[in-house]
Structure formats: structure tokens, C-alpha cells
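Engineer: There's a structure below that I have some questions on.
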Amino acid sequence: MTAPPAPDVVRSAYAQLVVTDLARARWFWADVLGLHVQYEDAHVLCLRGTDELTHHSLVLRTGDRAALDHLAYRVRTPSDVDRAEEFFRARGRPVRRVPAGDGTHGVGDAVRVVDPLGFPVEFFHGIARAERHIQRYDLRHGAEMARLDHFNLCTPDIPAAYVHYTSLGFGCSETIEGDEHELYAAWMYRKQTVHDVAFTGGAGPRLHHVGFATHESPQLLRIADILGSLHKEGHIERGPGRHGVSNACYLYLRDPDGHRVEIYTSDYYTGDPDHETYRWNVHDDRRRDFWGHAVIDSWYKEAVPVLDLDGVPQPITEAVLDESAARVGADGLG
Ligand SMILES: O=C1C=CC(S(=O)(=O)O)=CC1(O)O
Ligand SMILES: [Ca+2]
Ligand SMILES: [Fe+2]
């Protein structure tokens, strides 16, 4: 019997995060980062960037502890939602159909699964349209975040993550590998940029971060300046800097619940059919910061638990490889 075909994934589309205080989260994600509030009630906040034309790219819901409720990929057609259901059911994974109106506000018929890496993932096609803000410069504020760019996932088995996302039709733009080509990290894509999803080696399944794109690197400094002015510099975790992998400029922040967000700008096109993977050596100091700046320990070690389809935190498995133990030189070790 032939394996069911993979759904045609268009892009990473939204993340639904659990936060413990919605008003505090609203301040961080809307007032400071500049995301637009598309919908809100006492328990849910739906947010989108200045350039986004669908209902949301980030959903915050109240709960007892910070967690990833689910990641969501948009698929090309309604029948790709059926394909996703068959694809994961054939792999013996937990699968739950979520009819329009029963799931996340604004989202149509969807399917939610726990993927082979233990992550809660939704595949949907239908989503409410939103008014065009691309040229509403009068509404822009804070860091003027433009759009969701990617998810970064902590997982103990990077090769397994690579195999799973390859089976979903994702390309691989860059990797970090050991001297014997052991895989420490990978960046994989469906939209024609560096990644929709990346894997950071570590105990997992855990959410490492969500990446949002701004148009220009000065907006990274603007966010940092705003936080400094507000005496909230404690939300700044890593950067600003320029990545080796992706060549993007970056700034990592932690929200009031500890969720990590990367402000990310200026990566590159990956859309040709023969696009080749660029491979970094784990001992190359420029891989994670092109200027050789050390990666702060919390960036390697801290991440957020993920929930199963019933909202129960998933058990964590320790990492196989530990990149932070492999680093040398500018990180001060070796
Ligand atoms: O988006 C990213 C692009 C590059 C990097 S790295 O720190 O350069 O590996 C990290 C990251 O996955 O957050
Ligand atoms: Ca080093
Ligand atoms: Fe990232």
C-alpha cells in the first residue's frame, strides 16, 4: 500500500501560545513589538504584523503556565487538510479534526496532530481575511513587526526532525554539522526564504522561539531602545547581531511569560529547484553570530513546554548532542 501523499504546505502561519496574564502579554506583543490586535476577548488575543493579510499570525490564550498550545501551517487547498489528516493517521500519530468555528478564532476547517517529534501542529487552509495595513503607516508603532517568519523547535533528535520535515516536502537551506557531519541544527523551508522551521538541539519537544520579520535592521535597535527607555531591558536576551546561518540580523527577546521571540530581518531567497544546502561546522564561531559573539547559555538551554491535543504538557526527552558543549574559542571554552 502506497503511503498517503504529504499535504502541500504553503508556510508557517501562526503559533498559539499560552500566557498567564493576557493584559501583560498584550503590552509586550502589541504595544512594544507593534503587532496589531485583530481580535480580543477575556481569554484570547489574535495578533498580526503590519504586512499580514490573514486574521492572525500569533494567538495568545490564558492558561496556568507558559506553553505552546500549537503551531500552525497553512496548506494550499482545503483538500490538503484531508491529506494532512491521512498523512499523520498513516503514521499512527494522534489526529483530531477541528471543524470551522470549533478551533482558533478566524480559522476554518483544520486538523491538529501530534507529529513524530511530539509537537502539536495544526494544518489549515481557510482563515478570515483582514484589512490591508501594508500602507497604514499611521497605525505602525513599537517595533513595527511585519510578519511571522518561522518557528524554532527544541528537539533531542535533529536527524529525525530533518527526516520528518523532508517527508513533508520542506527544503533544507542551512545546517550546522560536526566534523563527522553529525547534524546539530537545520533550517527548513516551504516559503522561498531561509526557513519556516528550524531545529535547535536540546531536550524536547519544547518551543525555542517564534521568529518575526521586520523590514529593516534599524527596527531591531528601535525595539532595544524602547525597552531600555521603559527600564524593561531585562526582556532582551541575545543580540542585536548578525547570524552566520541565514545572514539575518537578529534580536532575541523574552516575553513576560518567558516565551522567546526573535526579531529577524534580511535573510535571502531559496526558491530555485536546485537550491543547495549551506553547511556550517559546529566549531565555526561565525555560524550563530557572524561577528563571533558568544551565544548566551540561556539561549541554548531555556525553552517552553508543549501541550498535547488535550492540553497536557508533553514529556521531555534529553538531547543526544549538546552544541553548547562543542563550542570553542569566542564562547570562552577551549
Ligand atoms: O532564525 C534563526 C537563524 C539563525 C540562527 S543562528 O543563531 O545563526 O544559528 C538562529 C535562528 O534559528 O533563530
Ligand atoms: Ca568560539
Ligand atoms: Fe530564529
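Engineer: Amide H to amide H under 5 Å from I127: which residues, 5+ apart in sequence or cross-chain, H placed 1.01 Å off N in plane?
Structural biologist: Residues meeting the criterion, in which the H sits 1.01 Å from N, are G108.
Engineer: I need the GluC sites (Glu not before Pro) found in the range 39-134, filtered to DSSP loop residues with at most 14 other beta carbons within 10 Å of theirs.
Structural biologist: In loop regions of the range 39-134 (DSSP not H, G, I, E or B), the sparsely surrounded GluC sites (Glu not before Pro) are E131.
Engineer: Let me ask something else about it. So, in nm, how far is label H43 from label T20 when the simple model puts each one 7 Å beyond its Cα toward the Cβ?
Structural biologist: In this crude spin-label approximation the distance works out to 2.0 nm.
Engineer: In whole angstrom, note down how far apart the Cα centers of the range 179-200 and the range 1-75 are.
Structural biologist: The range 179-200 and the range 1-75 have Cα centres separated by 22 Å.
Engineer: Output the antiparallel fraction of DSSP beta bridges having both residues in the range 9-127, as a percent to the nearest 5.
Structural biologist: Beta bridges within the range 9-127, antiparallel portion: roughly 75 percent.
Engineer: Compute the FRET efficiency between R286 and D322 as 1/(1 + (r/R0)^6), taking r as their Cβ-Cβ distance and R0 = 25 Å, and round to the nearest 0.05.
Structural biologist: 0.80
Engineer: Given the options L321, L60, V114, identify the residue whose Cα lies farthest towards the positive end of the charge dipole of the chain (+1 on Cβ of Lys, Arg; -1 on Cβ of Asp, Glu).
Structural biologist: About the Cα centre, the residue reaching furthest to the positive side is L60.
Engineer: While we're looking at this one, here's another question. Within 10 Å of each candidate Cβ there may be at most 13 other Cβ atoms; applying that plus a DSSP loop requirement, which chymotrypsin sites (Phe, Trp or Tyr not before Pro) in the range 103-181 survive?
Structural biologist: Y137
Engineer: Take every DSSP beta bridge whose two residues both sit in the chain, then give the antiparallel share in percent to the nearest 5.
Structural biologist: Around 70 percent antiparallel, to the nearest 5.
Engineer: Tell me, how many Å apart are the Cα centres for the range 76-124 and for the range 215-285?
Structural biologist: Each part reduced to its Cα centre gives a spacing of 30 Å.
Engineer: With +1 on each Lys and Arg Cβ and -1 on each Asp and Glu Cβ, how big is the dipole of the range 9-127 about its Cα centre, in debye rounded to the nearest 20?
Structural biologist: 320 debye
Engineer: Please go through the range 228-277 and write out the GluC sites (Glu not before Pro) that DSSP classes as loop and that have at most 13 other C-beta atoms within 10 Å.
Structural biologist: Sparse-neighbourhood loop GluC sites (Glu not before Pro): E276.
Engineer: Here's something else I'd like to know. What ³J(HN,Hα) values, in whole Hz, does the Karplus curve 6.51 cos²θ - 1.76 cosθ + 1.60 give for the range 113-129 when θ = phi - 60°, with x put for Gly and Pro?
Structural biologist: Those phi angles translate into 9, 9, 6, x, 8, x, 8, x, 9, 10, 10, 9, 10, x, 7, 4, 6 Hz.
Engineer: Residue by residue through the range 201-213, what is 3J(HN,Hα) from phi via Karplus (6.51 cos²θ - 1.76 cosθ + 1.60, θ = phi - 60°)? Round to whole Hz and write x for glycine and proline.
Structural biologist: x, x, 4, x, x, 9, 8, 7, 6, 10, x, 10, 9
Engineer: Please give the calculated 222 nm ellipticity per residue for the chain, where each DSSP H segment of at least 4 residues contributes -39500 (n - 2.57) and the sum is spread over every residue; nearest 500 deg cm²/dmol?
Structural biologist: -4000 deg cm²/dmol
Engineer: Rounded to the nearest 20 Debye, what is the dipole magnitude of the chain about its Cα centre when Lys and Arg each give +1 and Asp and Glu each give -1 at the C-beta?
Structural biologist: Result for the chain is approximately 680 debye, rounded to the nearest 20.
Engineer: Please give the net charge around D310, taking every other residue with its beta carbon less than 14 angstrom from that of D310, where Lys and Arg add +1 and Asp and Glu add -1.
Structural biologist: Every neighbour counted, the sum reads 0.
Engineer: Here's a follow-up. Starting from 0.36 nm per residue, how many nanometres of slack lie between R140 and K301 once their C-alpha separation is accounted for?
Structural biologist: Between R140 and K301, full extension yields an extra 54.6 nm.
Engineer: In addition: Can you compute the FRET efficiency between L309 and R147 using 1/(1 + (r/R0)^6), with r the Cβ-Cβ distance and R0 = 30 Å? Round to the nearest 0.05.
Structural biologist: 0.65
Engineer: Quickly work out the N247-to-A3 label distance, labels modelled 7 Å from Cα along the C-beta direction, and quote it in nm with one decimal.
Structural biologist: For the pair A3/N247, the computed spacing is 3.3 nm.
Engineer: May I pose another question? With an 8 Å cut-off on Cα pairs and a minimum separation of 6 or more residues, tell me the relative contact order of the chain in percent.
Structural biologist: It comes to 18 percent, rounded to a whole number.
Engineer: Here's something else I'd like to know. Rounded to the nearest 0.05, what FRET efficiency do S167 and K191 have when you use their Cβ-Cβ distance and R0 = 22 Å?
Structural biologist: Once the sixth-power term is evaluated, E becomes 0.75.
Engineer: For the range 143-307, give the magnitude of the charge dipole about the Cα centre (Cβ charges: +1 Lys/Arg, -1 Asp/Glu; no others), in debye to the nearest 20.
Structural biologist: 420 debye
Engineer: With labels modelled as points extended 7 Å from the Cα through the Cβ direction, what inter-label distance (nm, one decimal) is found for H215 paired with H231?
Structural biologist: A separation of 3.4 nm, rounded to one decimal place.
Engineer: To make sure I understand, if each residue's beta carbon is the centre and we count other beta carbons within 10 Å, what order do M145, M188, M1 fall in, fewest to most?
Structural biologist: M1, M188, M145
Each value in this text was obtained by applying a stated rule to the coordinates, not by laboratory testing. What you see is a predicted model; the values in this text were computed from it and never measured. As a convention, Cβ positions derive from the backbone with ideal geometry for all residues, glycine included, and neighbour counts pool all protein chains shown.
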